[in-house]
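These notes concern the structure reproduced below.
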There are 2 protein chains.
Amino acid sequence: MSYSVGQVAHVAGVTVRTLHHYDEIGLLVPSERSHAGHRCYSDADLDRLQQVLFYRELGFPLDEVAVVLDDPDADPRAHLRRQHRLLTARIEKLQKMAAAVEHAMEARRMGINLTPEEKFEVFGDKDPEQYAEEAEQRWGNTEAYAESQRRTASYTKDDWKRMQDEVADWGARYDALMTAGESPDGERAMAMAEEHRQHITTWFYECTYEIHRGLGEMYVSDERFKAFYDSMRPGLAEHLRGAIAANASRHEG
Amino acid sequence: MSYSVGQVAHVAGVTVRTLHHYDEIGLLVPSERSHAGHRCYSDADLDRLQQVLFYRELGFPLDEVAVVLDDPDADPRAHLRRQHRLLTARIEKLQKMAAAVEHAMEARRMGINLTPEEKFEVFGDKDPEQYAEEAEQRWGNTEAYAESQRRTASYTKDDWKRMQDEVADWGARYDALMTAGESPDGERAMAMAEEHRQHITTWFYECTYEIHRGLGEMYVSDERFKAFYDSMRPGLAEHLRGAIAANASRHEG
DNA sequence: ACTTGCACCTCACGTCGCGTGAGGGCCCAG
DNA sequence: CTGGGCCCTCACGCGACGTGAGGTGCAAGT
């Protein structure tokens with residue numbers, strides 16, 4: 001029961017050259033060679049290959065992979081545990097990136113512009129506060145942006161305007177709704193929340209209820225978003241958050 | 001308001017050399033040069049850099065990044081949408097990998113061994129059925145494995161045995177529980193489910209209630225896992241699934 | 001018996017995305 | 001006028017393979 005390079009390459013989804021390479025650098029040396037000098041991979045070799053590919057997938061350089069795999073006091077259980085940790089960490093990171101993208105989309109939708117630092121927060125590889133002071137010096141005051149940013153905001157023309165109109169119309173109706181004393185978890189408020197979600201979905205991206213709920217929270221936690229909504233009517237951000245949450249609950253549950 | 005290479009490198013979390021490289025290959029050419037020949041990056045350049053880094057992060061080769069960014073009929077909205085799609089796809093893939101790792105852990109825990117194909121399913125980059133017939137020829141019948149696999153299963157010795165004993169003990173008590181006619185959502189069954197979860201957590205990895213629920217489903221859907229549990233007592237797999245679900249519900253909600 | 005074909009082998013050079021100096025210029029502080 | 005700091009342009013190196021080029025072992029068709 002041993003497999004040739006071609007067979008291994010096939011099931012593992014790698015090229016033959018890759019297997020040759022791993023042999024060359026000693027990362028995965030087939031446990032046997034046939035009479036004709038052909039590489040013969042055992043089941044144990046396949047197991048090792050699987051581990052190699054796993055760590056490679058997560059961005060480990062091959063020499064480090066060799067180190068972790070050849071560590072004598074790491075049994076298979078330890079590897080599985082480690083892999084599970086790495087995966088969940090990775091997933092979390094991507095979810096943060098996704099949240100950042102949603103954040104950026106919302107910023108566009110409202111014509112709010114982000115500072116350079118915020119734009120790169122997606123890749124959150126540094127302490128955001130650490131360089132805060134330094135950034136002030138480097139980048140000057142925020143007003144400088146407000147202008148330069150407002151220009152860049154205009155790079156979609158017609159439909160950008162149309163979309164803004166939709167938002168304004170929605171805002172006016174939400175204002176009226178609040179004047180009428182409607183509760184956030186009332187039918188009409190939820191309908192407005194749903195319309196809000198639809199607006200995002202049609203103009204930007206598929207906004208799930210889960211995402212929508214996250215946005216609702218952001219509208220009160222992020223000052224600029226709060227300011228944007230409260231400019232339509234004081235307290236609207238807070239009210240909307242409730243409506244979004246109520247609307248999400250009834251659709252999810 | 002323009003930034004030097006050093007400043008840009010700092011906020012973006014890349015090296016100066018990287019920026020030089022992107023300039024060389026025409027991927028990100030700073031919109032201006034200072035009197036002394038120094039690169040001056042504008043806000044728009046920063047935006048572009050952010051996009052570049054984003055697609056790079058997701059594994060795009062730089063020339064393809066150039067293509068998507070220079071596509072004239074792709075406005076910023078389209079990019080954000082695309083990025084969101086890519087991220088969610090990526091997250092899903094990682095979650096499947098995590099599920100596969102959990103699957104592998106369960107297989108180890110029970111001494112069930114997987115076929116080579118199954119081991120590489122983690123990287124699910126091919127249609128599993130497409131090569132099914134071919135695989136039969138290549139790998140021979142499953143009985144051949146059953147043996148060769150059983151050997152490899154022995155590569156943790158002492159504590160592997162101890163763990164097996166724990167499982168056996170638990171099985172005997174679950175058997176008794178069923179003989180007593182306990183319901184899956186009864187207190188005692190839930191306690192056994194919780195013990196089951198704890199067993200996994202102490203021996204393998206942090207088994208959340210969500211993961212546990214997934215395992216419960218697998219115990220009835222995957223033949224070998226079902227066979228393993230039903231070998232303790234017929235119908236145990238099904239009963240356990242219910243107990244796990246009930247136990248998860250009371251802890252989550 | 002012969003060749004055709006396939007899957008394997010070993011060099012060995014090419015590519016991509018940078019890392020890492022080497023050698024030099026601009027400008028401000030001491 | 002001499003450092004020190006940040007910038008510049010070559011230009012070679014490296015990791016993880018891709019991509020032929022040229023040769024071997026073996027089963028199947030003519």
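The values are calculated or read from the model by the stated rules, or taken from the named source; none is laboratory data. As the structure is a computational prediction, the values presented were derived from the model and not from experiment. For neighbour counting, all protein chains shown are included, and Cβ atoms are generated from backbone atoms with ideal geometry for every residue, glycine included. Each accessible area value is taken on the protein alone, full model and side chains, heavy atoms only, with ligands, DNA and RNA left out. Shrake-Rupley method; radii C 1.70, N 1.55, O 1.52, S 1.80 Å.
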Tally, over region B:64-81, of residues that are touching a residue at least 12 places away in the same chain (Cβ under 8 Å) and either open to solvent by 20 Å² or more (accessible area, probe 1.4 Å) or within 16 Å of DNA strand C (Cβ to nearest atom) (or both): 4
A:VAL11 vs. criteria within 9 Å of chain B (Cβ to nearest Cβ) and under 36 Å from the mean Cα position of the chain (by Cα): yes
B:LEU53 being surrounded by 15 or more Cβ atoms within 10 Å (Cβ to Cβ) and farther than 10 Å from B:SER2 by Cα: yes
Any helices (runs of 4 or more DSSP H) falling wholly within region B:155-253 and containing at least 2 residues that are within 30 Å of A:PRO72 (Cβ to Cβ): B:158-179, B:187-203
Search result, residues across region B:101-113 that are more than 10 Å from chain A (Cβ to nearest Cβ) and open to solvent by 20 Å² or more (accessible area, probe 1.4 Å): B:HIS103, B:GLY111, B:ILE112
Qualifying residues in region A:29-63 (those that are assigned to a helix (DSSP H, G or I) and either among the charged types (D, E, K, R) or without any contact (Cβ under 8 Å) to a residue 12 or more places away in the chain (or both)) - the one nearest to DNA strand C (Cβ to nearest atom): A:ASP45
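Residues being among the aliphatic types (A, V, I, L, M), over 19 Å from B:GLU118 (Cβ atoms) and near DNA strand C (Cβ under 8 Å from one of its atoms): count how many of those fall in region A:1-28.
Taking region A:1-28 as the starting set, the residues that turn out to be among the aliphatic types (A, V, I, L, M) are A:1, A:5, A:8-9, A:11-12, A:14, A:16, A:19, A:25, A:27-28.
Cutting the leftovers down to over 19 Å from B:GLU118 (Cβ atoms) gives us A:5, A:16, A:19, A:25, A:27-28.
Right, trim to near DNA strand C (Cβ under 8 Å from one of its atoms) and you get A:5, A:16, A:19.
Matching residues across region A:1-28 total 3.
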Residue list for region B:66-81, restricted to those being more than 9 Å from every other protein chain (Cβ to nearest Cβ) and not hydrophobic (A, V, I, L, M, F, W, C): B:ASP70, B:ASP71, B:PRO72, B:ASP73, B:HIS79
Residue check, B:ASP47 modelled with pLDDT under 90, out of contact with any Asp or Glu (no Cβ under 9 Å at 6 or more places or on another chain) and either of a type in the set (Val, Ile, Thr) or open to solvent by 30 Å² or more (accessible area, probe 1.4 Å) (or both): no
Test for B:HIS38: is it under 27 Å from B:GLN7 (Cβ atoms) and modelled with pLDDT under 95: no
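Just the residues that are surrounded by fewer than 18 Cβ atoms within 10 Å (Cβ to Cβ) and at the interface with chain A (Cβ under 7 Å from one of its Cβ atoms), please, taken from region B:89-100.
Step one: of region B:89-100, the residues surrounded by fewer than 18 Cβ atoms within 10 Å (Cβ to Cβ) are B:89, B:92-93, B:95-96, B:99.
Across region B:89-100, the qualifying residue is only B:GLN95.
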Residue satisfying all of: in region A:173-207; at pLDDT below 90 and touching a helix residue (DSSP H, G or I) at 6+ places or on another chain (Cβ under 9 Å); most open to solvent (accessible area, probe 1.4 Å) among these: A:GLU206
Single residue of region B:9-28 satisfying the filter (part of a helix (DSSP H, G or I), more than 8 Å from DNA strand D (Cβ to nearest atom) and touching a helix residue (DSSP H, G or I) at 6+ places or on another chain (Cβ under 6 Å)) that is farthest from B:VAL52 (Cα to Cα): B:VAL11
Which numbered condition A:LEU236 fails, given (1) more than 25 Å from the chain's Cα centre (by Cα); (2) within 14 Å of chain B (Cβ to nearest Cβ): (2)
Given (1) over 30 Å from B:HIS196 (Cα atoms); (2) more than 16 Å from DNA strand D (Cβ to nearest atom); (3) under 33 Å from the mean Cα position of the chain (by Cα), index of the condition B:VAL101 fails: (1)
